[in-house]
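The values are calculated or read from the model by the stated rules, or taken from the named source; none is laboratory data. Because the structure is a prediction, the values reported are computed rather than measured. Quick reminder, even Gly has a Cβ in these numbers, built from the backbone with ideal geometry, and neighbours come from all protein chains shown. For the accessible areas, the whole protein counts, side chains as well, though only heavy atoms, and no ligand, DNA or RNA atoms are used. Shrake-Rupley method; radii C 1.70, N 1.55, O 1.52, S 1.80 Å.
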Amino acid sequence: MSGFVLVDDGIARGFAPFALTRPAGELRAGGALVRHRWMQTLSVRCDGFIAAAHLDAFREFDSPAAAPDILPAGTVLVNARCSPAWHPTPGSDSAAAAWTCHGRIAAVRLGAPLPTAALKADGAGFEAILAEGARGAAEIRTLDGWWIDEVWDLVGHLPAMLAADALAMMPVAATNVPPGMTVLGAHPVHVDDGARAEPFVVADATAGPILVKRGATIQSFTRLVGPCIIGEDVTIAGGRIAACSIGERCKVHGELSSSILIGHANKGHDGFVGHSVIGRWANLGAGTITSNLKNSYGPVALWTPAGVRDTGLTFLGSLLGDHVKTGIGTRLTTGCVVGAGANLFGTAMPPKFVPPFAWGEEGAWERFALDRFLVVAERVMGRRDVRLSDAMRAQLSAAHAAASSIAPPPA
């Protein structure tokens, strides 16, 4: 039986700073990766992704390789910007030929083999393929879910997605609360078997449910505020964690609010981070602080590859790409975009956009040399017992080359 393939359309390919180092299906939307959401919805394997050429070598944990040049008939072609709702029981691909979400075509089953050259080049014709597949569909299934129309929707949709996901991911049986954890509020709280909560942990479920997954450790003097999902093997070392989705193997301390950590990232020290998305292998130095609200209380503007745009959000912090590092005391302005592989240090506040692989501080930017960057990446990943594979080394090298045309801001 054929599986599905996630497609980054032209909009998804502009999701800076993340699109440089990962397909959109590998972004965490709400409490799960987009790819995992579709696997749970369709109950079939993911056979690959179609994205920009510099991502051809992308491989990460259980992710599939890039899609082949020709997709066989029966393959489900999925728009990676659609995040279907998580359901307590897996769905079924059944005989459906197309899927819609909020009246928009999210996926179609191919009736004939499809060459992918045009889709791989620039996503050209993707909408037409979806529309044509839906026109001839014998059965169209309607999905609940969310569209990530802009990269900042990852933050804008987060509270609603977390509230739904936490409930759907909990066991059907009664929720589990370990001895010593204090629960406030009426929403469910569940701590998986194999997770650990030390004494003097408060789970405030007044505003939403809280889920702590297996292998996680919640240390004393932590306050978890729902809706909140703490991923597998995460360590929370004290502080206030409110309305957050924290991916696997992260270490977090301090104040974190309305934010996503994709996974394998460190925020191990004091410092407020709010309404932000933090990529894999990022490390925030002690005292790193994000601003998430303008003094005018007006909507936040964000740098995008198409120019600075009004997000319509009153609260928006920083978008930090994969492998970003910040030095101690780094202060990030409202709506700051930090490109993948950037290494920030010094006393100057970074600008609203820091290009990928920038090194240093405002007024003294250098380019992080590829060989030095790969050495650091290998060390960082090794600390989580993850080897920098040849494929990922090739993909990061391709991303470094693709970023070469993006110059640092003028001094």
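Just a few scattered comments:
- Looking only at region 143-158, residues that are under 17 Å from the mean Cα position of the chain (by Cα), within 15 Å of Trp86 (Cβ to Cβ) and open to solvent by 40 Å² or more (accessible area, probe 1.4 Å) come to 2 in all.
- Helices (runs of 4 or more DSSP H) lying entirely in region 106-198 (those with 1 or more residues that are over 24 Å from Cys46 (Cβ atoms)): 126-135, 153-156, 158-169
- Contact map, region 373-402: residues that are over 18 Å from Pro64 (Cα atoms) and at pLDDT 95 or above paired with residues that are open to solvent by 40 Å² or more (accessible area, probe 1.4 Å) and of a type in the set (A, V, I, L, M, F, W, C), Cβ distance under 6 Å, separation 6+ or inter-chain. Pairs shown: His400/Leu370.
- Among the criteria (1) open to solvent by less than 30 Å² (accessible area, probe 1.4 Å); (2) over 18 Å from the mean Cα position of the chain (by Cα); (3) of a type in the set (D, E, K, R), the one Glu26 does not fulfil is (2).
- Residue identified as in contact with a Gly (Cβ under 9 Å, 6 or more places away or on another chain), closer than 22 Å to Pro90 by Cβ and surrounded by fewer than 21 Cβ atoms within 10 Å (Cβ to Cβ) among Ala164, Ala168: Ala168
- Residue within region 256-275 that is among the hydrophobic types (A, V, I, L, M, F, W, C), in contact with an Asp or Glu (Cβ under 6 Å, 6 or more places away or on another chain) and without any contact (Cβ under 8 Å) to a residue 60 or more places away in the chain present: yes
- Residue count for region 213-259, restricted to those that are polar (S, T, N, Q), assigned to a loop (DSSP other than H, G, I, E, B) and at negative phi: 3
- Any hit, region 372-381, residues being among the acidic types (Asp, Glu) and either over 19 Å from Gly279 (Cα atoms) or not in a helix (DSSP H, G or I) (or both): no
- Flag if Phe345 is out of contact with any Pro (no Cβ under 6 Å at 6 or more places or on another chain) and at pLDDT below 95: yes
- Looking across region 52-78, just one residue is among the aromatic types (Phe, Trp, Tyr) and buried (at least 19 other Cβ atoms within 10 Å of the Cβ), and that is Phe58.
- Taken together, the residues in region 171-192 that are among the aliphatic types (A, V, I, L, M), in contact (Cβ under 8 Å) with a residue 24 or more places away in the chain and open to solvent by 40 Å² or more (accessible area, probe 1.4 Å) amount to 2.
- Region 193-205, residues that are among the acidic types (Asp, Glu) and either open to solvent by 30 Å² or more (accessible area, probe 1.4 Å) or under 23 Å from the mean Cα position of the chain (by Cα) (or both): Asp193, Glu198
- Residue pairs meeting the criteria (Cβ under 8 Å; at least 6 apart or on separate chains; first on the phi > 0 side of the Ramachandran plot, in region 69-87; second surrounded by fewer than 24 Cβ atoms within 10 Å (Cβ to Cβ)): Gly74/Met1; Gly74/Ser2; Gly74/Arg109; Gly74/Leu110
- Count of region 111-142 residues which are open to solvent by less than 40 Å² (accessible area, probe 1.4 Å), touching a Gly at 6+ places or on another chain (Cβ under 8 Å) and within 16 Å of Gly74 (Cβ to Cβ): 1
- Selection of region 325-340 for residues being in contact (Cβ under 8 Å) with a residue 60 or more places away in the chain and assigned to a loop (DSSP other than H, G, I, E, B) yields Gly339, Ala340.
- Just one of (1) in a helix (DSSP H, G or I); (2) in contact with a Ser or Thr (Cβ under 6 Å, 6 or more places away or on another chain) fails for Ser2. It is (1).
- Of all residues in region 353-364, none are modelled with pLDDT of 95 or more, assigned to a loop (DSSP other than H, G, I, E, B) and surrounded by fewer than 17 Cβ atoms within 10 Å (Cβ to Cβ).
- Filter result (open to solvent by less than 10 Å² (accessible area, probe 1.4 Å), under 22 Å from Asp310 (Cα atoms) and either of a type in the set (S, T, N, Q) or without any contact (Cβ under 8 Å) to a residue 24 or more places away in the chain (or both)) within region 276-294: Ser276, Thr290
- Any hit, region 281-304, residues being within 17 Å of Leu33 (Cα to Cα) and either modelled with pLDDT under 95 or in a loop (DSSP other than H, G, I, E, B) (or both): yes
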